[in-house]
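> Just dropping this structure here.
None of the figures in this text is laboratory data; all of them are computed from the coordinates on show. All values derive from a computational prediction rather than experimental measurement. So basically every Cβ, Gly included, is an ideal-geometry build from the backbone, and we count neighbours across all protein chains shown.
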Amino acid sequence: MPELQLREAIRAAMTEEMERDEDIFLMGEEVAEYNGAYKVSKGMLDQFGPERIIDTPISENGFAGLGLGAAMNGLRPIIEFMTFNFSFVAFDQVVNNAPNIRYMSGGQFKLPIVFRGPNGAAGQLAATHSNSTESLYSNFPGLKVVSPSNPDDAKGLLKTAIRNDDPVIFLESELMYGLKGEVSDEDDYTIPMGAARVAREGEDVTILAHSKSYHVAMEAAEALDEEGYDAEVIDPRTIKPLDLETIARSVKKTNRLVVVDESNPFASFASEVTHQIQDEAFDFLDAPIARVTAPDTPAPYAPNLMDEYMPSAEEIVAEAKRVMYVE
Amino acid sequence: MATSTRKEDKQDERAQDAADEQASNEQAEKQQDDADAAAMANGQPDGEASDDDQPDAESDDIAEQAQDEKPQGEASGEDDSDEEPQDANDESPAGKPIDVPGEASLEVEFNTYPANSYAHDDLGFEEDDLIEIYRNMLLQRRFEERCRQMYQRQKISGFLHLYIGQEAVSTGSIQAIGLGEDTVITAYRDHGMALAMGMEPDACMAELFGKETGVSKGKGGSMHFFDAERRMFGGHGIVGAGVPLGAGIAFAHKYRGDDEICLCFFGDGAVNQGAFHEAANLAGLYDLPVVLICENNQYGMGTHIDRAMAESKVYRHAVSYDMPGGVANGMDVFSVNKAVRDHVEMAREGQPSLLELKTYRYQGHSISDPAKYRAEGELEGQQEQDAIARLHKYMLDEDLASEDALDEIDDEVKQETKDAIEFAEESDLPDEEAIYDDVYSEDDYPFLMR
Ligand SMILES: Cc1ncc(C[n+]2csc(CCOP(=O)(O)OP(=O)(O)O)c2C)c(N)n1
Ligand SMILES: [Mg+2]
């Protein structure tokens, strides 16, 4: 299996799909001539030409809506937000048009579109540039939300997202674009949405974490291991639909759950999982469900405050121990 | 095409008359549709039971009106905007036939301010003022050269967008307002504006270092400099997002009836945001005391303005919002100053305007951008027009300062910048608890604690 960076895996998924289906095009700021702000679409202009790899002005509301219109009229757009912070400029299109048109038209119009780009904090970028959007977008019925943690999942899931006939929010990460990992070279490799991955098996506590947080969770699991605790780590991979079954099965085994999510805590993905698990597996829980998230504040700039802001392996270890009632 | 359909020339009475003569059945039909639409908007869609027979009554009005159309058209043929508004309760578009001129054209004049067109005494600047202007522009440049270095040494993190090359815009503009009274808002490339407004290099550098002594207490970083006292309303990181704020700041000036105006700066890239167009329309509609200043450095990130804007002469967009437009050479501090003065004067009289300042950034978009998209020799060509070098030469040529005196200024601002770094180094990082400060107005807000 070849080793690819996350950005290369995403590019490979787009490229393969675009080779397969002429109705797919990629549009966004700096995606063509600049080869992508984070070099995700590098070389794609050369391969597909300016009709299919399209630079836009800084007009998110406009080009998100354009993508939806094109989707209604038979194309399959991939719309790149330079980061999901800027998707807020297009909020109306993404949350009020994308998820509702199929429903309101009684199924006459489908919207096969992928909105993709980096999500979440990426260092000291301050509050406007550090938003996590998974809970926001997953609140709107009609949207699907995918958030992979590694190149292999990114490739398989993005291909699925592009083929899906519904709007998909595909959340990447600036800080992970350079992350390397083996990627299946299986012909036409896809991964279904709504299937979590048990990344590490364990008996003592379940840790659920997606995207960047997944890597922090794995680090915490190693640290716990050194202290003799056996954590199971699950990467949900898709936020919506959510593979509750896999998470619940694990919790029924370990009887403890720590949810890691770098979003702000109030009304977050972590809150949602917490509710669903207590509903599904209340009798199996030996401790309240814990979560490790950003604090209930905007993201700061100062380096020490930003360190404090982001979930850390130490915090995860501490929460895991708390729910295991040790130390 | 765009120009003729975008706005009909109000002065073109002949075209108007010709059109009025062509009042047709089509117009009557269209009006019927409009009436139906108005009825819908009233919450009375077709067929829905209603005690109120308003829609029918309206239809009758329309029918009458269509018959009367021609004479009324002549009566209102001059300038729509002078018409008294209809009674607010009268939902029908009565009294006005649809105006479609048989011909339409547009002729607009814009204010232009080329380089090398103004002398310092034309603008009322004395020698001392020139020295200050020179010092200020040079301070911005030296400060930012050090920023670059500090970023490389990892003292500064996050995004760092340098302003080098654009200093005449900030200094020339700020010299045209009442500092501390008039208000200013800008985008994220904000260090230059901050220094032009007299914000302390110490506190600016400390912000970049993320220290508690920074202009935003280490919460905002490079893109989010604020100074309420000097009436600097920020540094804004989302492209275009500051423009509606600028309209709002100006709205408050007008609402309170103070004599202050707002300078609202944004990049050429921001003109492509809906936010710009909505704010410009609001400013034009409400006659807000604002100068919308597009700092056109010709690129939004790696995209040249010609690849991003259907109408890339930014000043022309003023036409759509019924406001004066102007364009100045942003590499000549005198041209900038003259332009901003003229437009500020309009703003003080309640006339918003759009001013394009053409400039150039010498560095990449941010510190991590190698700027490979520039044409060969483009940067060097622009640097030949450098605003600081231009003023330097001007002062020497006009015998307003000696080479030595100007060198000394350079030494002074270099020292000031060094001191700023030292100040930033020595300052403390914010307390850990500060993460919860200034989220809400209360000191005891019940945060969700993890
Ligand atoms: C809504 C939004 N979209 C995208 C970005 C990313 N971005 C930051 S600066 C920039 C270019 C802006 O160009 P311009 O307005 O001309 O300002 P300049 O950088 O030239 O000062 C872009 C695309 C952003 N900050 N906000
Ligand atoms: Mg620009």
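> Take B:ALA252 and B:GLU432, extend 7 Å from each Cα along the Cα→Cβ direction, and tell me the distance between the two endpoints in nm.
Reported label-point gap for B:ALA252 and B:GLU432 is 3.6 nm.
> If you don't mind, another one. Could you state the angle between the C-alpha long axis of helix A:211-226 and the longest principal axis of the C-alpha atoms of chain A, as a value from 0 to 90 degrees rounded to the nearest 10?
Relative to chain A, helix A:211-226 is tipped by roughly 20 degrees.
> How large is log10 I(q)/I(0) at q = 0.13 Å⁻¹ when the Debye formula is applied to the Cα atoms of the range B:124-427, each weighted equally and without solvent?
Results for the range B:124-427 at q = 0.13 Å⁻¹ read -0.89.
> Which entries of B:LYS217/B:LYS414; A:LYS39/A:LYS212; A:LYS240/A:LYS321 show an alpha-carbon separation above 26 angstrom in the structure shown? Don't jump to the answer; show the numbers that get you there.
Numbers: B:LYS217/B:LYS414 24 Å; A:LYS39/A:LYS212 19 Å; A:LYS240/A:LYS321 29 Å.
Table pairs above 26 Å Cα-Cα are A:LYS240/A:LYS321.
> Can you tell me how much longer the chain between A:HIS275 and A:ARG163 gets when fully stretched, taken as 0.36 nm per residue apart minus their C-alpha distance, in nm with one decimal?
Result: 37.2 nm gained on full extension.
> Return A:GLU327, B:GLU408 ranked ascending by Cβ neighbour count within 10 Å, so the fewest neighbours appear first.
Fewest-to-most Cβ neighbours within 10 Å comes out as A:GLU327, B:GLU408.
> Among B:PHE226, B:LEU195, B:LEU396, whose Cα projects farthest towards the positive end of the dipole of the range B:124-427, with charges put on the beta-carbon of Lys, Arg (+1) and Asp, Glu (-1)?
Of the listed residues, the answer is B:PHE226.
> Projecting each Cα onto the charge dipole of the range A:197-324 (Lys/Arg +1, Asp/Glu -1 at the beta carbon, about the Cα centre), which of A:PRO236, A:HIS215, A:ALA302 comes out farthest on the positive side?
With unit charges placed on the Cβ atoms, the residue in question is A:PRO236.
> Say R0 is 30 Å: what FRET efficiency, to the nearest 0.05, do B:ARG153 and A:ALA267 get from their beta-carbon distance?
Result of the calculation: an efficiency of 0.15.
> Related question: Please give the charge dipole size of the range B:222-366, origin at the Cα centre, charges +1 on K and R Cβ atoms and -1 on D and E Cβ atoms. Round to the nearest 20 debye. Before the final figure, lay out each step's value.
Working: 12 positive and 17 negative charges, 53 e Å.
In total the dipole reaches around 260 debye.
> Please compute the contact order of the range B:96-206 in relative form: average sequence separation of alpha-carbon pairs under 8 Å and at least six residues apart, divided by the residue count, as a percent.
Working: 54 pairs, mean separation 28.8, N = 111.
Answer for the range B:96-206 is 26 percent.
> Now a separate question. Place a point 7 Å from the Cα of A:GLU19 along the Cα-to-Cβ direction; which residues of the range A:30-49 have their backbone N under 14 Å from it?
A:44, A:47-48
> Further question on the same structure: Evaluate the protein assembly as shown: find the radius of gyration of its Cα atoms, find its Kirkwood radius, and give the ratio Rg to Rh.
Rounded to two decimals, Rg over Rh is 1.01.
> Using Cα pairs under 8 angstrom and six or more residues apart, how large is the relative contact order of the range A:197-324, in percent?
Reported relative contact order: 29 percent.
> How high is the FRET efficiency from A:GLU33 to A:MET1, r the C-beta distance, R0 30 Å, rounded to 0.05?
Efficiency computed from Cβ-Cβ geometry: 0.40.
> Express the relative contact order of the range A:3-182 as a whole percentage, based on alpha carbon pairs under 8 Å and six or more residues apart in sequence.
Across the range A:3-182, relative contact order equals 27 percent.
> What residue among A:ALA64, A:ALA290, A:ALA281 has the largest mean-square fluctuation in a Gaussian network model of chain A, using Cα springs under 10 Å?
Judging by the Gaussian network model, the answer is A:ALA281.
> Can you give me the P(r) profile for the range A:76-201? Cα pairs, bins 5 angstrom wide beginning at 0, each as a whole percent.
2, 10, 20, 22, 20, 13, 8, 4, 1, 0
> Pop out the Kirkwood hydrodynamic radius of the range B:336-437 from its pairwise C-alpha distances, inverse of mean 1/r, in Å to one decimal.
In the range B:336-437 this quantity evaluates to 18.7 Å.
> Sticking with this one: Averaged across A:36-43, how many Cβ atoms of other chains sit within 10 Å of each residue's Cβ atom?
Taking the mean over all residues of the peptide, I get 1.
> Among A:SER312, A:SER271, A:SER250, which residue has its Cα positioned farthest towards the positive end of the charge dipole of the range A:197-324, with +1 placed on the Cβ of Lys and Arg, -1 on the Cβ of Asp and Glu, and the dipole taken about the Cα centre?
Looking along the dipole axis, the top candidate is A:SER271.
> Among B:LYS414, A:LYS144, B:LYS372, which comes first, second and so on when ranked by fewest other beta-carbon atoms within 10 Å?
B:LYS372, B:LYS414, A:LYS144
> How big is the charge dipole of the range B:124-427 about its Cα centre, in debye rounded to the nearest 20, if each Lys and Arg gets +1 on its Cβ and each Asp and Glu gets -1 on its Cβ?
Values: 29 positive and 53 negative charges, 322 e Å.
Dipole magnitude for the range B:124-427 comes out near 1540 debye.
> Sorted from largest down, what three extents in whole angstroms do the Cα atoms of the range B:119-264 have along their principal axes?
So the extents along the principal axes, rounded to whole Å, are 45, 38, 25.
> Right, here's the next one. How much of the DSSP bridge set in the protein assembly as shown is antiparallel, in percent, rounded to the nearest 5?
Percent antiparallel among DSSP bridges in the protein assembly as shown is about 15.
> Ok, one more. Using the Cα centre as the reference, give the magnitude of the dipole from point charges on the C-beta atoms of the protein assembly as shown (Lys, Arg: +1; Asp, Glu: -1; all else neutral), rounded to the nearest 20 debye.
Once rounded to the nearest 20, the dipole reads 3280 debye.
> Additional query: For the residues B:TYR255, B:TYR286, B:TYR299, what sequence is obtained by ranking on other C-beta atoms within 10 Å, fewest first? Write out the running numbers ahead of the final one.
Working: B:TYR255 11, B:TYR286 16, B:TYR299 22.
With the sparsest Cβ surroundings first, the list reads B:TYR255, B:TYR286, B:TYR299.
> Turning to a different aspect of this structure: Treating cross-link reach as a plain straight distance, find the lysines whose alpha-carbon is under 26 Å from the alpha-carbon of B:LYS254, omitting any fewer than eight places away in the same chain.
Partners within reach: B:LYS338.
> If you split all Cα-Cα distances of the range A:254-327 into 10 Å bins from zero, what percentages do you get per bin, shortest first?
Using 10 Å bins, I get a P(r) of 20, 45, 28, 7, 0 for the range A:254-327.
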